[in-house]
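A.B. asks: Have a look at this one.
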């Protein structure tokens, strides 16, 4: 098995960041959520301040405190990966160094957002970060939010840097790119880890060679996702498909009314299933409407989660 997957597993869960009534971070609920996820064994590793954790809406200090809270709450029971990507190289290095101080060994770093760098700019960005940290780096490609794609040729160049160890790809944007990344890195670094970052693309990307899934849906469907991987490995494709359909149906409800980021609907859904108070998404994300939640709750009831 791939070395990274052996250590961090197939299900990397990007933690929801809970808020109180004034949109302040609720660190107590965060701790409660981590305990719940670990005790229920819904994931293999925890990711702090990823997209599901609304990283772009958090301050630098909030992100550091969330890392610290996660490391303490996990207490060695599950690995903690820090999402440290920022719009600038300088701030990304600074935040990655904070993760390093906390003993976090791997950082998930999104391609710089808003400024749409060239492929050379992307390469130099990640190269500079890698040279300024002892952490391993998992590249994060999500063109729908950052505005640019990390091309396979760029990933190939980056894979030659020793502490750049893999990539998470938002496979719904370009479903075949998982294969492109595999072909681009297999000779440069056979241990380069490739993760799909889109729940609804779980089955198609397993076939292409995705080694695991970065899954917000694992807050609810962690057991099913684990079983899907097991079924695929055993050649039980029909059973894998049957397990996948409920996850797919739920995830589709979180994109109602053109929502690209599923947080506004996913948060109250996870709250209903877990009983942990998470609060609505932080502004400017509009909260879920009663009509939207009625659709999601109906699906959750039909698939036996409520």
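A.B. asks: Going by the structure shown, is residue 219 surrounded by fewer than 24 Cβ atoms within 10 Å (Cβ to Cβ) and part of a helix (DSSP H, G or I)?
C.D. replies: It is false that residue 219 is surrounded by fewer than 24 Cβ atoms within 10 Å (Cβ to Cβ) and part of a helix (DSSP H, G or I).
A.B. asks: Run down 87, 94 and say which single residue is part of a helix (DSSP H, G or I), at pLDDT 95 or above and over 25 Å from residue 5 (Cβ atoms).
C.D. replies: After ruling out the rest, the residue left standing is 94.
A.B. asks: Before we move on, is residue 90 closer than 20 Å to residue 15 by Cα and either surrounded by fewer than 21 Cβ atoms within 10 Å (Cβ to Cβ) or touching a residue at least 40 places away in the same chain (Cβ under 8 Å) (or both)?
C.D. replies: Considered against the rule, which asks whether it is closer than 20 Å to residue 15 by Cα and either surrounded by fewer than 21 Cβ atoms within 10 Å (Cβ to Cβ) or touching a residue at least 40 places away in the same chain (Cβ under 8 Å) (or both), residue 90 comes out as no.
A.B. asks: Are any residues in region 183-205 surrounded by fewer than 17 Cβ atoms within 10 Å (Cβ to Cβ) and in contact with a helix residue (DSSP H, G or I) (Cβ under 7 Å, 6 or more places away or on another chain), and if so, which ones?
C.D. replies: 188, 191
A.B. asks: Given the residues 48, 64, 71, which is the only one that is crowded, with 17+ Cβ neighbours inside 10 Å, within 22 Å of residue 262 (Cα to Cα) and in contact (Cβ under 8 Å) with a residue 12 or more places away in the chain?
C.D. replies: Of the residues listed, the single one that is crowded, with 17+ Cβ neighbours inside 10 Å, within 22 Å of residue 262 (Cα to Cα) and in contact (Cβ under 8 Å) with a residue 12 or more places away in the chain is 48.
A.B. asks: Right, another one. I'd like to know if region 209-217 contains one or more residues that are over 19 Å from residue 47 (Cβ atoms) and either at pLDDT below 95 or in contact with a helix residue (DSSP H, G or I) (Cβ under 8 Å, 6 or more places away or on another chain) (or both).
C.D. replies: The answer is yes, given that some residue of region 209-217 is over 19 Å from residue 47 (Cβ atoms) and either at pLDDT below 95 or in contact with a helix residue (DSSP H, G or I) (Cβ under 8 Å, 6 or more places away or on another chain) (or both).
A.B. asks: Can we say residue 38 is surrounded by fewer than 24 Cβ atoms within 10 Å (Cβ to Cβ) and in contact (Cβ under 8 Å) with a residue 40 or more places away in the chain?
C.D. replies: Yes: the conditions hold for residue 38.
A.B. asks: Oh, and also: Are there helices (runs of 4 or more DSSP H) fully within region 120-203 with at least 2 residues that are more than 17 Å from the chain's Cα centre (by Cα) and more than 25 Å from residue 228 (Cβ to Cβ)? List them.
C.D. replies: The qualifying helices (runs of 4 or more DSSP H) are 152-159.
A.B. asks: Pick out the one residue from 104, 109, 81 that is surrounded by 17 or more Cβ atoms within 10 Å (Cβ to Cβ), in contact (Cβ under 8 Å) with a residue 60 or more places away in the chain and in contact with a helix residue (DSSP H, G or I) (Cβ under 9 Å, 6 or more places away or on another chain). So that I can check it myself, show each step before the final result.
C.D. replies: On the way: 104 fails: in contact (Cβ under 8 Å) with a residue 60 or more places away in the chain; 109 fails: in contact (Cβ under 8 Å) with a residue 60 or more places away in the chain.
None of the other options fit; the residue is 81.
A.B. asks: I need a count of the residues in region 288-301 that are surrounded by 15 or more Cβ atoms within 10 Å (Cβ to Cβ) and either touching a strand residue (DSSP E or B) at 6+ places or on another chain (Cβ under 7 Å) or not in a helix (DSSP H, G or I) (or both). I'd like the intermediate steps shown before the answer.
C.D. replies: Filtering region 288-301 down to residues surrounded by 15 or more Cβ atoms within 10 Å (Cβ to Cβ) leaves 288, 292-293, 295-297, 299-300.
Filter once more, so that each one left must be either touching a strand residue (DSSP E or B) at 6+ places or on another chain (Cβ under 7 Å) or not in a helix (DSSP H, G or I) (or both): 288.
The total comes to 1.
A.B. asks: Taking the options 220, 303, name whichever one is under 22 Å from the mean Cα position of the chain (by Cα) and at pLDDT 95 or above.
C.D. replies: Values: 303 fails: under 22 Å from the mean Cα position of the chain (by Cα).
Being under 22 Å from the mean Cα position of the chain (by Cα) and at pLDDT 95 or above holds for just one of 220, 303, which is 220.
A.B. asks: Could you run through region 28-64 and say how many residues are in a helix (DSSP H, G or I) and over 16 Å from residue 82 (Cβ atoms)?
C.D. replies: Just the residues of region 28-64 that are in a helix (DSSP H, G or I), to begin with: 28-39, 55-57, 60-64.
Retained after the next criterion (residues that are over 16 Å from residue 82 (Cβ atoms)): 28-29, 31-33, 35-39, 57.
Total satisfying the criteria: 11.
The values are calculated or read from the model by the stated rules, or taken from the named source; none is laboratory data. Remember, predicted model here, so these are calculated numbers, not experimental data. Using ideal geometry, Cβ is built from the backbone for each residue, glycine included, and neighbour counts are taken over all protein chains shown.
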